[in-house]
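Here is the structure we will look at, set down as structure tokens.
The values are calculated or read from the model by the stated rules, or taken from the named source; none is laboratory data. All figures in this text were calculated on a predicted structure; none of them were measured in a lab. Positions of Cβ are generated from backbone atoms using ideal geometry, with glycine treated the same way; all protein chains shown enter the neighbour counts.
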Amino acid sequence: MKTPKRLQPLLEDGLIDEVLYQLMSGKEATVYVVRSCGEIRCAKVYKEANQRSFKKASQYQEGRKVRNSRRARAMSKGSRFGRNEQEQTWQTAEVDALYRLNNAGVRVPEPYGCVDGVLLMELITNEEGEVAPRLGDVEMSAEIALEDHAVMMAYVTRMLCAGLVHGDLSEFNVLVDGDGPVVIDLPQAVDASANNHAERMLARDVNKITSYYALFAPELQGTQYAREIWDLYENGQLHPDSELTGLFEETEEEADVDTVLNEIKAAWEEEQARLLRMNDEVPVV
């Protein structure tokens, strides 16, 4: 095929030998299958900020660390330089996450580097050498669903222990090869300790992926993996190999919301009565 403009510099520099075909185009990037260093790999070309349709990107970027203070100030001010730096931070976030998660024992595509907004990485294939299907395109038995769900919960746990929450995990961001699930698409991964939305995003990730596996293994419905994982994390008890049950027992303080609301209402009414008494006691001049 004709070499896309964004891939031409990599071809000229010898980082890729040939562009074979376009694999897919999504909300944040277009992925091509390429030949690189004698191997079949994929090249993920990130779209410019004004072309991406990823919603509320600022929520995902909250808490990301920028070592250079000048860059950090520019990003906060929103100058042209700052926007460029923010774009580079977004583009390099995925390769950083891939290296970190690979080291943490999470199955992700092996990264080979990110150059000029193009991420070169491993192409996940099935036993026939074809591109591995997404989880959402795979039919499975209840037994396999339970096994793979347990693997995914272990991956979520290891991600969190490595300080990251995927932030957009679903059946569309997981590939399945002969060895099981592989997590993909991580440019929006958030810092678990520095992002105020981390708990909500983790709950959404876990609940989405659990709901999909529950289509094949209904016993997964109603499980509380997200709350169990986050509770262990908050209490410093989460480890990469933590054994999860999917059960979570609320404490009385967490469950007794009505009592708290009644106390707030009573305090408000008492304050209103106090103010009314003060007004009645003001002397008339």
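Out of curiosity, is residue 140 assigned by TED's automatic domain parsing to the domain that holds residue 39 and within 22 Å of residue 199 (Cα to Cα)? Judged against the criteria, residue 140 is not a match. Could you grab the pairs with beta carbons closer than 7 Å, sequence gap of 6+ or different chains, first residue in segment 223-245 and over 17 Å from residue 152 (Cβ atoms), second one not in a helix (DSSP H, G or I)? Matching pairs, first to second residue: 231/248. Residues that are modelled with pLDDT under 85 and either of a type in the set (Lys, Arg) or outside the structural domain of residue 176 (by TED's automatic domain parsing) (or both) number at least 1 in the following helices (runs of 4 or more DSSP H) confined to segment 36-137: 69-77, 80-104. Sub-6 Å Cβ pairs linking a first residue in segment 13-28 that is within 20 Å of residue 168 (Cα to Cα) to a second residue that is loosely packed, with under 14 Cβ neighbours inside 10 Å, at least 6 apart or interchain, are 27/53, ordered by first then second residue. Residues that are under 14 Å from residue 114 (Cα atoms) and exposed (fewer than 15 other Cβ atoms within 10 Å of the Cβ) within segment 15-26 are absent altogether.
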